[in-house]
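Quick one: this structure, given as structure tokens, is what I'll be asking you about.
The values are calculated or read from the model by the stated rules, or taken from the named source; none is laboratory data. None of the values given here were measured: they were computed from a predicted structure. FYI the Cβ positions are ideal-geometry reconstructions off the backbone, even for glycines, and counts take in every protein chain you see.
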């Protein structure tokens, strides 16, 4: 009887240990998953709510657009008549942002779309690097080369206005509830979360 009870207890302990290991694994995975993996698609189970939230953000974007224009830290204009304007809330330390910045230029040229990048990294390194980009007035090609991070740095004393521009971008990103980078907006207020160039091209074709 004791052996039988002991066997039951051991089996119960083993099951408890397995459940604990699974729970810990899930917790660890959730902690190391990049913030960029989470998008507005989390509300897919509530399409009406998602639609209402998107409309509210679009409306707010249009209201804030003059301030957003003023807070742009890097601008690219293709040749010819401008048909669209693309706003990219971005970070200098975000791999998805780098991908978007390097892939977007052919689309801008093809569809005559102007690009305005707002730097809004959510911690100190991207803020400092964003200030350097604005302060040094980098163009898109130079920015995409990434070598600017290690040479030609300007002292903070020469970048006071650039710091104000970046801080405005950060404030605007908070108002627009931007939690994932990059986040793109068109002049209509239409929002695209992530480096989804296919989605962007569909909008630029309209």
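Within segment 71-81, track down each residue that is surrounded by 14 or more Cβ atoms within 10 Å (Cβ to Cβ) and in a loop (DSSP other than H, G, I, E, B).
Selection gives 71, 72, 73, 77, 78.
Kindly check whether there is at least one residue in segment 55-68 that is within 30 Å of residue 154 (Cα to Cα), buried (at least 18 other Cβ atoms within 10 Å of the Cβ) and either modelled with pLDDT of 95 or more or touching a helix residue (DSSP H, G or I) at 6+ places or on another chain (Cβ under 9 Å) (or both).
Yes; the residues of segment 55-68 include at least one that is within 30 Å of residue 154 (Cα to Cα), buried (at least 18 other Cβ atoms within 10 Å of the Cβ) and either modelled with pLDDT of 95 or more or touching a helix residue (DSSP H, G or I) at 6+ places or on another chain (Cβ under 9 Å) (or both).
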